[in-house]
Each structure stands twice: as C-alpha cells, then as structure tokens.
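S.K.: If you scroll down you'll find the structure; I have some questions about it.
The numbers here are math on the coordinates, done by the rules we state, and not lab data. Values in this document were obtained by computation on a predicted structure and should not be read as measured data. In this analysis, Cβ positions are derived from the backbone assuming ideal geometry, glycine residues included, and neighbour counts consider all displayed protein chains.
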Amino acid sequence: MGTQKKYSIKTQVIYIMGVSGCGKSTIGKLLAKELKIPFFDGDDYHPESNIKKMSKGHALNDDDRQGWLETLNNLAKKQLSTNSCVIVCSALKQKYRDILNKGIVKQAKWVHLEGSFNQIYKRINSRSNHFMPSELLNSQFDILENPKQAIKIDISLTPEKIINTIKDRLMNTSEFGLFGLGVMGKSLCRNLANNGFKISMFNRHVDGVEEDVAKKFKSQFSELSQAEAFDDISAFVNSLQQPRRIMLMVNAGKTIDFVIEDLLPHLSENDILIDGGNSNYKKTKQRFEYLKPKGIHFIGTGVSGGEEGALKGPSIMPSGDLEAYNNIKVFLEKIAAKDKNGLPCCTYVGPEGSGQFIKMVHNGVEYVEMQLLAEVATILESLGQNPDEIADTLETWKDEASSYLLEITTNIFRKKEGNDWLVKKILDKAGNKGTGNWTTIASAELGVPSTLIASALFSRYTSFYKEERVLLNKNFENVNNSELNISTQEVLEAYQFARIINHYQGFKLISEASHKSNWNLNLSEIARIWTNGCIIRSSLMEDLVEVFKETTNILTNSELIQLVKKYKPSAKKVVSESILNDITTPALSESLQFLNGITTEYASANVIQAQRDYFGAHTYKRLDDDSEKSYHTNWN
C-alpha cells in the first residue's frame, strides 16, 4: 500500500481558537497528527515578560499581545511557504485575528472551540502546571468576540468527533469522487451534485487534447459550483474524506488497471474504488483479489440507463464487500432511479464480480430486445408501412408491450431529416462494445443455452459484412415480392412471445451463474432494480418481480405459460411467412426453435451421443438402465 499523502489540496494555516482551558492544544495536536502537518502551540511563543505577568495573576493588554501575535503571523507565513500547519491561539478579539491573518487571509482557516464558563472552569482547575490561574478566565470571557468566519464546535463532543467535524467541514473535503469525465461520468457528477453531495471530479490532462476538462465542465453547470475540479491525481485524492470513495468511469479493460496503479500510491487503508464501467466480471474478481491485501475495497458496479439515465437516475448494480457497499450505499441509492414504490433501483447484488455479471447479462438481453424490434420493423415495412406508419403501429402496442426500447424505437421512426426519414439514411452496420460477446462466452462456459443472445450478437456481426452482403445479394435472388399473409396483431404477439423467451434465457443464465459461483443472487430483486432507469425496463420486467418471488424459472409460472401458448401460433405464422418471403428474422425464429427444444421430452441428442461413441468411443447412457452406467458399442 502506498503511504498516505499530506493534506495538500491548498496550503493553509488552521488556527484553533477559544478561551484558555477549552482544549485547543489537545485538539490541535490530534488534528495535526491526523493530517500529518506541523503543530504549534501559541503559548510557547509568548515572550518571557508576558509569562511573568500572567503568572502574577495579571491579564495581558493589547500592547502585550501585539508582538506575540505578530510572531505567530510570521510563523504561519514561514510554514505556508512549504506546508500547511495547525496553530493554537486564544485569539479572542477580532483585531487579534486580523493580525494573525495579515497577508494570509485566503490561506487562514479558523476553528472556534466553544464551551460554557462552568465547563471550562472545571477543566482549568483539574490541570496542573498551567501558568494561567482560573481567576483570569472571567477576563477571557469578557473580551471574547465570537468570530463570524469560523467553524464553531461544542467542546462536549469527543475528541474523535471534533476532529472528524473539522476534517469534514473546515477542510471542505468532498464526500465522493468521480474519476473520468466521459458522457456517463459527467452525467453522474451532475446527478450527485443535484442530490446535494459535495463531489470532486477528475479528468486526465493531455497537452493539446484534454486540457482543463474538469474545470471547463464545472463552469458549464450551476449545480457544480460547489464541486472541486482536478487534473492532478494527488490533489484529487486528497480532496476526499476518508475512507475515500472514488468511482471510476473510464473505458473497460487495461485502462482500469492503469488507473488503479496510478491511484494506489495516494490511497489509504479502507478506501473504496468503484468500477462503474462495463468491465468483464472475471477481471472485476481479479481486481477485487489484487486490492484486498492492500486494504483497498473494490466494488464492481453495473450502471445502466445511458446518458439520460446517469443524469436523472440509472439502475445501479453494485457488488463486492458488503461492509464497503454500506459505506457508499447512501450515494448510489440517492442517485438511482426509483421503482413504482419509490424504492431505489439499486441494491447490493452479491460478492465479487456478480454486479457486473448481471449488467453483462442485462446488456445481452438488451441486444435481443433491440434485434427483435429491428426485425419487427422489417416485417412491418414488408407489409407496406412507411416509417411514420411503423411508428403509429408501435405506438398502439405500448399498452400491451410497454418498454423503454419500444418507446425510443417509435420515436426513431418518426424522426425526419429534411423531407425523408433519418432512419433510412443510416448505414446498416451495427456496432457493439463487447458485452454481448462476453455474455455469449459466459453462456458457453457455464453450459447455458442463451441462444437468443448469441443470435442477436451474430446478427450484428453479419451486418458488419456490408460489402460482402452487397456482393452476394447480386448472386442470390430473394423473393421479397409476395404478399405477407399476417396481421400487425400477429406481429405483436410474435414479438411478445420472443420477449418472454428472451427474459427466460437471460435470468436462467443469471440463476446458473449464481448457483455455480455461490453468489446467492435474488432474481426478484434484480428484476426490481431493472424496472426503472435501465435500458431494458418494461411492463414485463415489472411482472417478473412478482414471478421470481415464487420461482427461478418463469416458464413454470401459470400466467406466463398461458401467454406463451396464446402467442405461439402467431409466432409460428410470422416466422413461417418471413421465411417464405426471405425476410431475415433470426431472433424471432430462434425463440420458436428454443421453446421447441426446451419443451421436447425426447430430443435428437440420442443420435449425437451415438455418433460420438461411433467415432470417438465417448460412450453413452441408456434409457433402460437407471444405474448411470456408461456403454460403448462396436458400431461396425
């Protein structure tokens, strides 16, 4: 672990004032030790004449104090040339404080320790070897002029509480740090600030490329007026309350590891790093284990909702050490979207990388939902509908199939550029950032048939072969000219059918991962935090919250069973008509194929096992033998 840095956001002198006996020296020493900066007791700098006068029971006058205060002011100036410091001084009148502040007003911070006369009188009488007799306490209270610009602290608090109050208030330290000001990072900063949190923001400095990003961003939005902006890592880290809470909003992959290494020398034990990017859950587990022996907590956190969600309220999926999560939950739950009951769409998911695993699956389900709508639009276009008419059709579906993606797709088909629809001008090559790929790989590794996610992923890959598609289109004649014998209602029902299968597969993958990794994930709670803020929020998701309270398999729920049976004839008809007319519907088609496969009592896998045994002697088991014995046959 790196050594803790001194508090050096802005070099300053911290004056701790109050009448004699209020505990200035004790608190000053503790604060200086906590901040690792020098401590000076003003009493040690009295000239001999002042000490003799007070020892005889005579109060100091202003002339007596003048030289003493100037000495302390010079001491502060000397210290400020290299470091911050703590100076204890009674400084009971404003003019005394003006002398101490001379030439360093902007760097001087004041703490006033307050207590009653009786309280402090008892303290003085209990002390030994102090040159000031308690009889002079009255004179101190008589001349005390309460400062206007100071943190006032009740001396009845414990020293620990006093020190924490000073650190949190006087130092103006931030409660939460955001590292990385891309689209999502900026939106989360504004969200935190809008919810009343004091934050620090960091973005790297690259000459001529990224300069003063944080400062420029701060100046654009009034809600960030109290935020601190940095391009220096040390200053950023030291601007935060301890334990520090730093959310990393940088690109997934090696960048996260580089950022962690850059931060480590500046961190202290029990600091918390929160990865809010789309990181691979396996890497999250590795980072968790790497940081654990260093005393640093690592919270892998899925965040869904895009730019708007991050600003107004995303769905948040944190995982890692529960104790560390409890230290950040107030921030994440406050900025999260709220479900229909007003509860935050944020929950502690489970250990290690489970939060980013379910975010990965969320994105896989999202891939399918997007693909299904794209296929539906293609079918509606083949039915002769123009983009406005497609939008009108989708609009009528919102009561039965309400979802965020249905809503935005409706808006997309209405958008025009000039006299034509914008969607018709967009190049038909779909990009991806890897999460669909990771989900498909995870499915294969866990042995879970997430066939719709794979289908949606490979559809994007196919789209990317634009030049080859254009070439091969000339070689193969597509029908696409016969009349589709389907209604828009049947298209809706086919769409609804496929969505149920998609959600079955997504949550099945989560359930299997939870079982094999001993994560003990709560599917109902996961569905709940996906009912608002995230990209796949929908009325179906709201229904699943209750379904998962009774089962981990939605295809065993009686209501969903009836819906699947109701929608399946339409799905068969839509897919069949699409195939006959050469309309590409991989996700719609696969939803049918999968349901047929998962509901087939005796599958064709017997043939596969015979083949494997034939060429590789891999053996097989028999239906007429319950002993689990393996058989091999000489097939020749």
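S.K.: Evaluate segment 1-122: find the radius of gyration of its Cα atoms, find its Kirkwood radius, and give the ratio Rg to Rh.
M.R.: Taking Rh as the inverse mean 1/r over Cα pairs, Rg/Rh reads 0.99.
S.K.: While we're here: Any idea what angle helix 586-598 forms with the longest principal axis of the chain, computed on alpha-carbon atoms, 0 to 90 degrees, nearest 10?
M.R.: On a 0 to 90 degree scale, this one is about 80.
S.K.: Can you tell me the 0 to 90 degree angle between the C-alpha axis of helix 322-335 and the longest principal axis of the chain, rounded to 10?
M.R.: For 322-335 against the chain, the angle is about 80 degrees.
S.K.: Sorted by packing (mean other beta-carbon atoms within 10 Å per residue), highest first, where do 82-90, 220-228, 327-335, 160-168 land?
M.R.: Packing proxy ranking, top to bottom: 82-90, 327-335, 160-168, 220-228.
S.K.: Among 297, 46, 618, rank each residue by its count of other Cβ atoms within 10 Å, from fewest to most, as a rough exposure measure.
M.R.: Exposure proxy ranking, most exposed first: 618, 46, 297.
S.K.: Would you mind ranking 272, 299 so that the residue whose beta carbon has the fewest other beta carbons within 10 Å leads the list?
M.R.: 272, 299
S.K.: Okay, helix-only estimate at 222 nm for the chain: each DSSP H run of n ≥ 4 adds -39500 (n - 2.57), divide by all residues, round to 500 deg cm²/dmol; what do you get?
M.R.: -15500 deg cm²/dmol
S.K.: Additional query: Between segment 10-77 and segment 150-228, how far is it from one alpha carbon centroid to the other, in angstrom?
M.R.: Going from one Cα centre to the other spans 32 Å.
S.K.: How much of the DSSP beta bridge set in segment 176-352 is antiparallel, as a percent to the nearest 5?
M.R.: Antiparallel bridges: around 25 percent, rounded to the nearest 5.
S.K.: Okay, next question. Starting from the Cα of residue 579, step 7 Å along the direction of its Cβ; do the same at residue 49; then give the gap between the two resulting points in nm.
M.R.: Taking the simple label geometry, residue 579 and residue 49 are separated by 10.8 nm.
S.K.: Continuing with the same structure: Express in whole angstrom the spacing between the alpha-carbon centres of segment 411-466 and segment 306-365.
M.R.: If you average the Cα positions of each part, the centres end up 25 Å apart.
S.K.: Write down the Kirkwood hydrodynamic radius of the chain, to one decimal in angstroms, obtained as one divided by the mean of 1/r over all alpha carbon pairs.
M.R.: Hydrodynamic radius (Kirkwood, Cα only) of the chain equals 29.5 Å.
S.K.: Roughly what angle does helix 24-35 make with the longest principal axis of the chain, taking Cα atoms, 0 to 90 degrees, to the nearest 10?
M.R.: Its long axis makes an angle of about 40 degrees.
S.K.: How much FRET efficiency would the formula 1/(1 + (r/R0)^6) give for residue 444 and residue 388, where r is the Cβ-Cβ distance and R0 is 35 Å, rounded to 0.05?
M.R.: E(calc), rounded to 0.05, equals 0.25.
S.K.: By DSSP, what percent of the beta bridges with both residues in the chain are antiparallel, rounded to the nearest 5?
M.R.: 25 percent
S.K.: Taking 37 °C and 0.692 mPa s as the conditions, I'd like the Stokes-Einstein D for segment 440-484 in µm²/s, using the Kirkwood hydrodynamic radius from alpha carbon pairs.
M.R.: 251 µm²/s
S.K.: Also, I was wondering about something else. So for each of 393-401, 582-590 I average, over its residues, the number of other beta carbons within 10 Å; can you give me the resulting order with the highest mean first?
M.R.: The peptides rank, most packed first, as 582-590, 393-401.
S.K.: Figure the gain on full extension for residue 258 and residue 211 (residue separation times 0.36 nm, minus the Cα-Cα span) and round it to one decimal in nm.
M.R.: Result for the pair: 14.9 nm of gain on full extension.
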